[in-house]
Amino acid sequence: MKTNKNAFLSLAGLAILLGAAFVFQANANSTRPPAQPTAIAVVDIMNIIDGLNERTVLEGQLEARMEARQEQLNEVVKQLEALDADIQILEPGTDAYREKFQEGMEKQALAETRRKILSQLVSIDTGSVMAGLYTKIETAIHDIADREGYDIVLFDDSSFGLPDGAPNPDVIRAIITKSVVYRHDSIDITQQVITLMNNEYSAP
């Protein structure tokens, strides 16, 4: 009987210890402040780019540079056409024919090289303009988020649908790469970013 009493006391003591530990943990958790709601906003990056006044000006500058480079290519093409006309009136097999034909081959290679370089330069110019524009967009988003108290601003891809008739891997990829499944119109700050950037661009 004594043994059972000691066992009971041991169990009672363990229960008291466990109870004390629970109370301590509950008190510890109660001292932790509750998580604050996170303020989130979204932006449609393509709508921002399309709505910027600066974009139209930058595209005009890109077009002017591309036309200047295209003129250099056109000059080589004109020379190539003139050589081809000369070759047509020369007798094949003569020294004059071979000389013009060789010159034409060299001009053709030059034209092809300039065409490739032109394409690369246009791509580099466009990428540089886009990078500069995005940096300004990012700054505007930061300014609005600081002013309005947003903690996170996401690119809104909620309107992007799944591809029709695509293989399953492409459909799965489209699903798992989406960032925003749903958002309320009230958290869309796209127009605020456009307005801020256009006002800053127009300011003296």
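Every number here is computed from the coordinates shown, using simple stated rules; none is lab data. Keep in mind it's a predicted model, so treat the numbers as computed, not measured. Heads up, the Cβs are rebuilt from the backbone with ideal geometry, glycines too, and the neighbour counts pull from every protein chain shown.
Please list, by residue number, every one of the chymotrypsin sites (Phe, Trp or Tyr not before Pro) in the stretch 97-204 that is coil in DSSP and has at most 14 other beta-carbon atoms within 10 Å.
For chymotrypsin sites (Phe, Trp or Tyr not before Pro) across the stretch 97-204 that sit outside H, G, I, E and B with at most 14 neighbouring Cβ atoms in 10 Å, the list reads Phe160, Tyr182.
Relative contact order, percent, of the chain when contacts are C-alpha pairs under 8 Å separated by at least 6 residues?
Over the chain, the number comes to 35 percent.
Give, rounded to the nearest 20 debye, the magnitude of the charge dipole that the stretch 33-202 has about its Cα centre when Lys and Arg contribute +1 at Cβ and Asp and Glu contribute -1 at Cβ.
Dipole about the Cα centre, nearest 20: 320 debye.
Compute the normalised compactness of the stretch 33-202: alpha-carbon radius of gyration over 2.2 N^0.38 Å, N being the residue count.
Here the answer is 1.71, to two decimals.
Hey, for a label at Asp164 modelled as a point 7 Å past Cα toward Cβ, could you say which residues of the stretch 37-72 have their backbone N under 17 Å away?
No residues fall inside that zone.
Of Leu154, Met105, Asn53, which is farthest on the positive side of the dipole of the chain, counting Cα position, with +1 on Lys and Arg Cβ, -1 on Asp and Glu Cβ, and the Cα centre as origin?
Positive-end residue among those listed: Leu154.
Hey, with R₀ at 35 Å, roughly what FRET efficiency would Ala203 and Lys178 work out to, going by the Cβ-Cβ distance, to 0.05?
Efficiency for this residue pair is about 0.40.
Taking the beta-carbon count within 10 Å as an exposure proxy, list His184, His142 from fewest neighbours to most.
His184, His142
Return the sequence-ordered ³J(HN,Hα) values of the stretch 49-61 in whole Hz as given by the Karplus equation 6.51 cos²θ - 1.76 cosθ + 1.60 applied to θ = phi - 60°, using x for Gly and Pro.
Running phi through 6.51 cos²θ - 1.76 cosθ + 1.60 with θ = phi - 60° gives 4, 5, x, 8, 5, 5, 4, 4, 5, 5, 5, x, 5 Hz.
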